[in-house]
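Laboratory data are not the source of any read-out in this text; all were calculated from the coordinates shown. The structure displayed is predicted, hence computed values, not measured ones. Here Cβ is always computed from backbone atoms with ideal geometry, including for glycine, and neighbour counts include all displayed protein chains.
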Amino acid sequence: MSELLEGNCLIAQSGGPTSVINSSLAGAVTEALNHECIEEIYGGLNGVLGILNEQLVDLADESQQTIRALRHTPGAALGTCRFKLKRGEDFDRVLEVFEAHNIRYFFYAGGNDSQDTADKISKLANEKGYALRVIGIPKTIDN
């Protein structure tokens, strides 16, 4: 089992808003709150575009009632995008934002392209020696 990392968590949503995307967000926030190694919980507005533009919101400030209500809330609470990161500059910018906010856990809810993006971010972080746990939350409407 991998060691726990001290730092912050970032959750973002991508692709079409399915019926489960906000439930997944609620579950990720609720679980992150249970781990002392996670200090802050951020949401990236509009998927990776929000990360590139450093548009992060503090999800830990939300009440438990608001987080629970996400399970029955339509749409994508954080906003989504359909944007493929370009090799090099975009990926480097993502890691720059992660480092600036001490992001050690990244949850990315989305379909196949989003999971590919999560995998590429994980590999780049590993190549650069940046300790990061990337968790893909599969949410595809293609099946």
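Ordered by the number of other Cβ atoms lying within 10 Å of each residue's own Cβ, fewest first, Arg87, Arg71, Arg104, Arg133 fall into the sequence Arg87, Arg71, Arg133, Arg104.
Stretching Glu36 away from Asp119 to a fully extended chain increases their span by 27.3 nm, per 0.36 nm per residue minus the current alpha-carbon distance.
Extension gain for Ile135-Arg68 works out to 22.0 nm (0.36 nm per residue, less the C-alpha to C-alpha distance). Rounded, prolate or oblate, given the Cα gyration tensor of the chain, with a/c below 1.5 counting as rounded? Taking the square roots of the gyration eigenvalues as a ≥ b ≥ c, the chain is oblate.
When Tyr108, Tyr130 are arranged by Cβ crowding within 10 Å, least crowded first, meaning fewest neighbours, the order is Tyr130, Tyr108. Ellipticity at 222 nm from helices only: DSSP H runs of n ≥ 4 in the chain, each -39500 (n - 2.57), divided by the residue count, give -11500 deg cm²/dmol. Calculated on the Cα set of region 80-126, radius of gyration then Dmax: 10.4, 28 Å.
Each of Ile67, Ile41, Ile135 has some number of other Cβ atoms within 10 Å of its Cβ, and from fewest to most they run Ile135, Ile67, Ile41.
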